[in-house]
1. Residue by residue, what Karplus-based ³J(HN,Hα) values in Hz, rounded to whole numbers, does region 43-57 have, using 6.51, -1.76 and 1.60 with θ = phi - 60° and x for Gly and Pro?
2. Loop sites only, by DSSP: take the trypsin sites (Lys or Arg not before Pro) in the chain that have at most 15 other C-beta atoms within 10 Å and name the longest stretch containing none of them.
3. List the residues whose amide H sits under 5 Å from the amide H of VAL33, counting only those 5 or more places along or on another chain, with H placed 1.01 Å from N in the peptide plane.
4. Accessible area, 1.4 Å probe, largest first: how do CYS126, CYS81, CYS53 sort?
5. Using a 1.4 Å probe and counting only protein heavy atoms, arrange THR106, THR37 so the residue with the most accessible area comes first.
6. Read phi for every residue in region 8-24 and hand back ³J(HN,Hα) as whole Hz from Karplus 6.51 cos²θ - 1.76 cosθ + 1.60, θ = phi - 60°, with x for Gly and Pro.
7. Can you give the FRET efficiency to the nearest 0.05 for PHE80 and THR48, using r as the Cβ-Cβ distance and R₀ = 35 Å?
8. Between LEU112, LEU12, LEU90, find the one with the highest GNM mean-square fluctuation for the chain; connect C-alpha pairs within less than 10 Å.
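The values are calculated or read from the model by the stated rules, or taken from the named source; none is laboratory data. All values reported here derive from a predicted model rather than from experimental measurement. In this analysis, Cβ positions are derived from the backbone assuming ideal geometry, glycine residues included, and neighbour counts consider all displayed protein chains. Ligands, DNA and RNA are stripped out before the accessible areas are found, and what is left, the full protein with its side chains, is counted by its heavy atoms. Shrake-Rupley method; radii C 1.70, N 1.55, O 1.52, S 1.80 Å.
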Amino acid sequence: MILDHPIRRSLLIAAVYLLAAVTLDALRQRHVVSAETVERLMGMLMGTVAIVCANAIPKRLVPLARLRCAPAREQRLRRFCGWAMVLGGLGYTLAFALAPIEIAATLAICLLAPAVAVVGGVMLRCAWMRGRARRGGA
């Protein structure tokens, strides 16, 4: 299937996003929808993409030979990161859906940024632990 390959799936998501942007811009120019509606829908679409990608994090299995720690621990970290990003993406989507448009973008970023920071922190901690294990540390 075409969506089995990650690059093809990513290109399809990008194509859908660009098609939505072009379509909504054409509708805005014809005064079918307002600029505010376009901004809200594009923000909601971006949040939905974040949710879908985050939902895939714990479902991607890594071959056991590549794991540096216990498989259960690895999966637990993937689930935690996935949930953090799903909740951040949900906050991003809801900010564009419900907040006044003047503050929607700022609020959306403020809701997604902590999730990104948490996942980044987990990744840095894992990298630090792997480097320490290679050097022979405990």
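1. Each residue of region 43-57 in turn: x, 5, 5, 5, x, 5, 4, 4, 5, 5, 5, 5, 5, 7, 4 Hz.
2. Numbers: sites that count: ARG30, ARG60, ARG68, ARG135.
Looking at the chain, 69-134 is the longest stretch - no exposed trypsin sites (Lys or Arg not before Pro) with at most 15 other Cβ atoms within 10 Å.
3. Here the answer is ARG28, since their amide H atoms fall under 5 Å of that of VAL33.
4. Working: CYS126 40, CYS81 15, CYS53 70 Å².
Descending order: CYS53, CYS126, CYS81.
5. Working: THR106 90, THR37 55 Å².
Largest accessible area first, the residues go THR106, THR37.
6. 3J(HN,Hα) across region 8-24, in whole Hz: 4, 4, 5, 5, 5, 4, 4, 5, 5, 4, 5, 4, 4, 4, 5, 5, 5.
7. On the way: r = 21 Å, r/R0 = 0.61.
After rounding, the FRET efficiency stands at 0.95.
8. Residue with maximal mean-square fluctuation among LEU112, LEU12, LEU90: LEU12.
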